[in-house]
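Trainee: Pasting a structure here, questions to come.
The values are calculated or read from the model by the stated rules, or taken from the named source; none is laboratory data. Note that this is a predicted model, so its numbers are computed, not measured. Every residue, glycine as well, gets a Cβ built from its backbone with ideal geometry; the counts of neighbours run over all protein chains shown.
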Amino acid sequence: MAWSARFASAKDLARAPRTNNHGTIFRVKKEKVSVTIRIAEAGDARAIAEMSRDHIESGLGWRYDQPHILRAMLRRESVVLAASERPTYVAGARPAIAGFAIMDFGDERAHLVLLAVQPLQRRRGIGRRMVEWLMESTLVAGMASVHLELRADNEAARRFYRALGFAETVLMPRYYNGREAAMRMIRVLRAPGPLPLSWRPPC
Ligand SMILES: CC(C)(COP(=O)(O)OP(=O)(O)OC[C@H]1O[C@@H](n2cnc3c(N)ncnc32)[C@H](O)[C@@H]1OP(=O)(O)O)[C@@H](O)C(=O)NCCC(=O)NCCS
């Protein structure tokens, strides 16, 4: 059975344990600050789009602009996460976005579409925590594998994903705009195919 038949949507699923959207708060390693990871809101879309432009799509054209990010937030099959040093429910100005991630859920395959952390916030565990949140959702949703593509020359991100259990599968020349190569990576969660029944009603 497709995950979508078992859950209303990937977004509902990711939201399920955190219905107030206060998010998950964690202490940044070796520092006193805490970072909150939560479902992104419409007011975060511009900051997320600008991060994509500056830190992911630089030199390739700006595809994931604000309207594109807003559409992803509304799509039932997508989850957009935001990380910030303060949760949104604290009164006052909207907190600056420290990182974001977007994942699309298919029937069995999840696709990690975009992920970035602000340069001054890197190597504090924020990227890892966002991926862990998403991996938790993929497991509950019964996904068989998680896929992603990234610029082949992005050695830092390749190391990051390898550290998180992803394996490099195929190099795709001229993948971006017909000129730049991409590396495809995968993390296998289970054998593809129908899930075995783990519970049967008493008869
Ligand atoms: C890739 C990226 C998201 C990593 O985010 P981050 O918050 O800095 O990553 P973390 O601190 O959670 O790192 C987790 C582990 O990944 C590995 N890692 C992360 N960045 C690394 C780097 N620059 N070089 C080597 N290993 C790295 C390390 O093993 C690290 O653990 P450690 O710090 O305990 O050694 C961030 O560098 C980034 O935003 N890059 C630009 C955008 C991008 O390339 N996105 C991916 C393609 S869409």
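Trainee: Can you say whether L112 is within 10 Å of the chain's Cα centre (by Cα) and either under 22 Å from R190 (Cα atoms) or of a type in the set (D, E, K, R) (or both), as far as the supplied structure shows?
Mentor: On the way: within 10 Å of the chain's Cα centre (by Cα): yes; either under 22 Å from R190 (Cα atoms) or of a type in the set (D, E, K, R) (or both): yes.
Here the answer is yes, as L112 does meet what is asked.
Trainee: Here are some residues: A47, A101. Which one is touching a strand residue (DSSP E or B) at 6+ places or on another chain (Cβ under 7 Å), more than 12 Å from the ligand (Cβ to nearest atom), at pLDDT 95 or above and outside any loop (DSSP other than H, G, I, E, B)? Spell out how you get there, then give the answer.
Mentor: Working: A101 fails: more than 12 Å from the ligand (Cβ to nearest atom).
Residue meeting the stated conditions: A47.
Trainee: Where the second residue is at pLDDT 95 or above and not hydrophobic (A, V, I, L, M, F, W, C) and the first is at positive phi and more than 7 Å from the ligand (Cβ to nearest atom) and lies in region 141-167, which pairs have Cβ atoms under 6 Å and are six or more apart or on separate chains?
Mentor: Short answer, once both residue conditions are applied: G165/R187.
Trainee: Hey, could you check region 115-131 for residues that are assigned to a helix (DSSP H, G or I) and farther than 13 Å from A83 by Cα and say which is nearest to the ligand (Cβ to nearest atom)?
Mentor: Quick first cut of region 115-131, residues assigned to a helix (DSSP H, G or I) only: 119-121, 126-131.
Filter once more, so that each one left must be farther than 13 Å from A83 by Cα: 119-120.
Values: P119: 8, L120: 10 Å.
Out of the qualifying residues, it is P119.
Trainee: So which of E31, E57 is part of a loop (DSSP other than H, G, I, E, B) and either touching a Gly at 6+ places or on another chain (Cβ under 8 Å) or at pLDDT 90 or above (or both)? So that I can check it myself, show each step before the final result.
Mentor: Values: E31 fails: either touching a Gly at 6+ places or on another chain (Cβ under 8 Å) or at pLDDT 90 or above (or both).
Step by step, each of E31, E57 is checked, and only E57 is part of a loop (DSSP other than H, G, I, E, B) and either touching a Gly at 6+ places or on another chain (Cβ under 8 Å) or at pLDDT 90 or above (or both).
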